[in-house]
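Participant: Attaching a single structure in structure tokens format; questions to follow.
Since every read-out is calculated from the coordinates, none of them should be taken as a lab result. These numbers come from a predicted model, not from an experiment. For neighbour counting, all protein chains shown are included, and Cβ atoms are generated from backbone atoms with ideal geometry for every residue, glycine included.
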Amino acid sequence: MASLKVYGKTYSTNVTRVLTTLAEKNVDDYQMVPIDLLTGANKTPEYLKLQPFGQIPAFQDGDFTLYESRAIARYISDKYEGQGTALSGNTEREKALVNQWLEVESQNYNPCAGKIVFECVFAQILAGRPTDEAVVKEQLEKLEKILDVYEARLTHHKYLAGDFFSLADLAHIPVTNNLINVAKKGELFSSRKHLNAWWEDISSRPSWQKVLQIIQAGQQQK
Amino acid sequence: MKVYGMPYSTCTVRVLTTLAEKDEEGYEIVPIDLQVGAHKSPEFLKLQPFGAIPVLQDGNLTLFESRAIARYVAEKFEGKGTALFGKTVEERALVNQWLEVESHSFNPLIEPLVVQLVFAPMRGKEPVESVVKDHTYKLEKLLDIYEAHLSENKYLAGDFFSLADLSHIPYAFYLINVAKKGAPFTSRKHVNAWWEDISSRPAWKKVAALALTKE
């Protein structure tokens, strides 16, 4: 029985952020425990003991429980430091830049991109209402400006924190996949040369390809 | 080291408090006056392309995002002042967990409240009641979860003060002490005790005094 458990469902970008990190660190030996938001499994007393905010994912390593996908990703990156891809930078400076761009993802990119994806993809299923186009328009305007900054950054650096792939790039992958491939907002990326090259690069990594297969397998199991 | 920002800005304060907790005084504050749009000048945008404060310069490293700067300070001065990430791998992970809760659950609720109740009036605008009501309601529900957690843990990551607690201070201070709308905190026994504790730390008191005089 695997001592690592990931609680959640693969339709969640927060869950797939964790799965991608596990894949980058060559960690295969974990168990997915389904917690489906659509059935309210995230609100049971048992689950709330693991994750009191009722969100997915939650993560267990033996009897150590952790939540918040970026905190889980940091833990995995630290625990498996010697194997797979180095995700957190090697020097004090590199680590700082990884953290900086993780914050940019958290504070700037994710709130905007996440709202657009929610409105275009999930509003009906999760909130029982149609897409709020005004919200989409407002968030797209914000996101365009943010992506202009990314384009400038990626013009001079192959990846966000420098010339090395890191957790900062990885953190963007699941939501960006939804933004481009599900919400069909790919123009945001294809219109920006270096941003587009960055996306092509990071989304073709074996770790993400593996997670895409896991997502597809999960969809077929319903 | 230089910190570009303003002593009254919540995010600058997050950085200044971290420096104070690490007993580090070897830095200069370079004021970036938001009122005159200094944060949007071409020179500043070279440092921080999103046009936000604070920015840290340490030698040839320029760093932005207050939580990333706080992490950098905590690690750079690891041997001195308060240990801000716990002692073990698991303690560190729990600090990271609650830093994310602050970032993704707490901040999006309290920041609009502080904007409406403190910063809008400073600019001569009336608070938008519906925003205040909606965010207060959601903050109350969030703090119910904090209350349960803090009834079993002295601080967020466990029995030790950490960067996770510190990260909550700036906006909580503005809501409780400046806007005087702290009921969501003060009406909850353990949240209140936690707030009293972390806001009476010498490092915070030093920074708060600076924030208030320069407002």
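Participant: Please label the shape of the protein assembly as shown as rounded, prolate or oblate, based on the square roots a ≥ b ≥ c of the eigenvalues of the alpha-carbon gyration tensor (a/c under 1.5 means rounded; beyond that, a/b larger than b/c means prolate, else oblate).
Facilitator: Note, shape of the protein assembly as shown comes out rounded.
Participant: Please give the average number of partner chain Cβ atoms lying within 10 Å of the Cβ of each residue in A:55-63, rounded to a whole number.
Facilitator: Partner Cβ neighbours, averaged per residue: 1.
Participant: Then there is this: Give me B:His149, B:His135, B:His168 ranked fewest to most by other Cβ atoms within 10 Å of their Cβ, as a rough exposure proxy.
Facilitator: B:His149, B:His135, B:His168
Participant: Residues with amide H under 5 Å of A:Phe64's amide H, sequence separation 5 or more or different chain, H placed in the peptide plane at 1.01 Å from N; which?
Facilitator: The list, which skips near neighbours in sequence, is empty: none.
Participant: Where the centre of each part is set by its Cα atoms, how far does region B:136-215 sit from region B:1-75, in angstrom?
Facilitator: 22 Å
Participant: Kindly identify chain A as rounded, prolate or oblate by the Cα gyration tensor criterion: order the square roots of the eigenvalues as a ≥ b ≥ c, call it rounded if a/c is under 1.5, otherwise compare a/b with b/c, prolate if a/b is larger, else oblate.
Facilitator: Taking the square roots of the gyration eigenvalues as a ≥ b ≥ c, chain A is oblate.
Participant: Longer than 22 Å from Cα to Cα, which of A:Lys145/B:Lys125; B:Lys133/B:Lys206; A:Lys25/A:Lys95; A:Lys49/B:Lys87; A:Lys145/A:Lys193; A:Lys158/A:Lys184 are they? Say none if no pair is.
Facilitator: Going by Cα-Cα distance, A:Lys145/B:Lys125; B:Lys133/B:Lys206; A:Lys49/B:Lys87; A:Lys158/A:Lys184 fall outside the 22 Å limit.
Participant: Output ³J(HN,Hα) for region A:149-163: one whole-Hz value per residue in order, computed from phi by the Karplus curve 6.51 cos²θ - 1.76 cosθ + 1.60 with θ = phi - 60°, and x for Gly and Pro.
Facilitator: 3J(HN,Hα) across region A:149-163, in whole Hz: 5, 4, 4, 4, 5, 6, 5, 10, 9, 5, 10, 5, 8, x, 8.
Participant: Just checking the output field for B:84-96: average partner chain Cβ neighbours within 10 Å of each residue's Cβ?
Facilitator: Average neighbour count from other chains, rounded to a whole number: 3.
Participant: Would you be so kind as to identify all helices of chain B, as entire DSSP H runs, whose Cα atoms reach 27 Å or more along the helix's own axis and whose mean Kyte-Doolittle hydropathy is at least -0.5?
Facilitator: B:129-150
Participant: Place a +1 charge on the Cβ of each Lys and Arg in region A:28-180 and a -1 charge on the Cβ of each Asp and Glu, then give the dipole magnitude about the Cα centre in debye, rounded to the nearest 20.
Facilitator: About 240 debye.
Participant: Another one. For region A:58-72, list residues with backbone N below 15 Å from a point placed 7 Å from the Cα of B:Glu152 toward its Cβ?
Facilitator: Answer for region A:58-72: A:63-67.
Participant: Then there's this: For A:Lys184 and A:Ile214, what is the calculated FRET efficiency with R₀ set at 25 Å and r taken between the beta-carbons, to the nearest 0.05?
Facilitator: Efficiency for this residue pair is about 0.65.
Participant: Which value at 222 nm does chain A reach when only helices count, each DSSP H run of 4 or more adding -39,500 (n - 2.57), with the total divided by all residues and rounded to the nearest 500 deg cm²/dmol?
Facilitator: Mean residue ellipticity, 222 nm, calculated: -15500 deg cm²/dmol.
Participant: Using θ = phi - 60° and the Karplus curve 6.51 cos²θ - 1.76 cosθ + 1.60, what whole-Hz ³J(HN,Hα) does each residue of region A:164-179 get, with Gly and Pro shown as x?
Facilitator: So the Karplus estimates, Gly and Pro as x, are 10, 5, 8, 4, 5, 5, 3, 4, 7, 4, x, 5, 5, 4, 5, 4 Hz.
Participant: Shifting gears a bit: Order by neighbour count: A:Ser3, B:Ser130, A:Ser203, fewest other Cβ atoms within 10 Å first, most last.
Facilitator: Ascending Cβ contact count within 10 Å gives the list B:Ser130, A:Ser3, A:Ser203.
Participant: To make sure I understand the rule: partners must be aspartates and glutamates, Cα under 20 Å from the Cα of B:Lys141, and not fewer than 8 residues away in the same chain. Which ones qualify?
Facilitator: Result set, ordered by chain and number: A:Glu46, A:Glu68, B:Glu100, B:Glu102, B:Glu111, B:Glu129, B:Glu152, B:Asp165.
Participant: Further, regarding this structure: Averaged across B:67-76, how many Cβ atoms of other chains sit within 10 Å of each residue's Cβ atom?
Facilitator: Whole-number average of other-chain Cβ neighbours for B:67-76 is 5.
Participant: Alpha carbon centre of region A:117-159 versus region B:116-135: separation in Å?
Facilitator: That distance is 26 Å.
Participant: Please work out whether chain B counts as rounded, prolate or oblate from its C-alpha gyration tensor, where a ≥ b ≥ c are the square roots of the eigenvalues and a/c under 1.5 means rounded, while otherwise a/b larger than b/c means prolate and anything else oblate?
Facilitator: It is oblate, given that a/c is not under 1.5 and a/b is not larger than b/c.
Participant: Ranking A:Ile35, B:Ile198 by Cβ neighbours within 10 Å, fewest first, what do you get?
Facilitator: The fewest-first ordering by Cβ neighbours comes to B:Ile198, A:Ile35.
Participant: Let me ask something additional. Rounded to the nearest 500 deg cm²/dmol, what is the calculated helix-only ellipticity per residue at 222 nm for chain B, with -39500 (n - 2.57) per DSSP H run of length n ≥ 4?
Facilitator: When only DSSP H runs of four or more count, the value is -15500 deg cm²/dmol.
Participant: Can I ask one more? When only DSSP loop residues count, what GluC sites (Glu not before Pro) in region B:9-73 have their Cβ near at most 16 other Cβ atoms within 10 Å?
Facilitator: B:Glu24, B:Glu25
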